[in-house]
């Protein structure tokens with residue numbers, strides 16, 4: 001099967017239109033029709049039903065779509081690996097939660113690339129749950145998450161344990177000397193994904209209503225600076241703002257403090273130069 005025919009089939013399935021597909025692929029519409037007819041002839045099944053307005057997949061087309069996508073993906077991946085091996089000694093795919101990347105891995109990545117120009121680096125920045133899913137598919141060499149991951153192909157080690165701090169802007173002096181549990185229940189707290197999975201019901205009860213819910217932690221900081229809001233955030237993400245005085249920590253009076261544990265997870269590739277250098281350059285150095 002020709003790669004261009006498979007890519008055309010996938011695009012038609014997405015666009016539901018031969019005309020839109022031709023515009024997207026920068027070819028005439030007759031070329032699109034020719035490629036699809038060729039593919040249908042090769043498979044021996046009709047892949048699309050056509051009406052006045054749309055092109056929709058037949059049952060055979062629906063069944064073939066996943067296979068076509070896998071074939072194209074495998075081909076592109078193989079070409080990438082071949083080209084990569086010519087230019088680079090090794091490659092490294094790292095998955096990292098947004099917060100850990102902002103706090104630690106960004107600078108680690110910059111330093112690693114400077115020290116290892118012959119290693120290609122790919123960064124996948126996402127939520128911890130998405131990183132765990134990628135690990136389950138064996139798609140990552142190294143990962144940083146707030147969830148542990150136990151698998152025979154991976155090593156999982158504690159990375160950073162940080163205190164969760166209740167912070168607000170420095171102009172907000174109302175609870176500068178501390179806040180009680182009762183007072184905490186009445187203030188406008190911004191919901192932070194960082195508290196997911198943690199047993200902090202003594203601080204924030206389940207089903208509490210929030211004035212704001214932001215799924216990327218670093219994006220909460222501008223709201224804290226501009227309004228009299230509060231949020232529980234890990235120390236690393238607000239360290240700079242605490243030091244420059246734009247945010248302040250509110251002490252907890254009758255509640256225990258909590259910590260957030262993160263994890264470093266990496267493949268058990270003893271012969272991988274890229275993984276070994278990353279661990280030696282960053283994790284061991286930090287330890």
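Computed from the coordinates by the stated procedures, all read-outs in this text should not be read as laboratory data. Keep in mind that this is a model prediction, so the values were computed, not measured. Cβ sites come from the backbone with ideal geometry, for glycine too, and all protein chains shown count toward neighbours.
By the count of other C-beta atoms within 10 Å, a proxy for reagent exposure, 161, 20, 260 are ordered fewest to most as 161, 20, 260.
Multiplying the residue separation of residue 111 and residue 253 by 0.36 nm and subtracting their alpha-carbon distance yields 47.0 nm. The stretch between residue 1 and residue 54, if pulled fully straight at 0.36 nm per residue, gains 16.6 nm over its current Cα-Cα span.
What label, among (i) 1.35; (ii) 1.22; (iii) 1.01, belongs to Cα Rg over 2.2 N^0.38 Å computed from the structure on display? Checking each listed value against the structure points to (i).
Modelled label positions at residue 281 and residue 218, each set 7 Å beyond Cα in the direction of Cβ, lie 1.9 nm from each other. Shape class for region 3-85, computed from the alpha carbon gyration tensor (a ≥ b ≥ c): prolate, with a/c not under 1.5 and a/b above b/c. Residues 207, 151, arranged from fewest to most other Cβ atoms within 10 angstrom of their Cβ, appear as 207, 151. A helix-only calculation puts the chain at -11500 deg cm²/dmol for mean residue ellipticity at 222 nm, using -39500 (n - 2.57) for each DSSP H run of at least four residues, averaged over all residues.
Between residue 41 and residue 243, full extension at 0.36 nm per residue minus the direct alpha carbon distance yields a gain of 65.9 nm.
With a simple spin-label model that places each label point 7 Å from the Cα along the Cα-to-Cβ direction, the separation between residue 208 and residue 10 comes to 4.5 nm.
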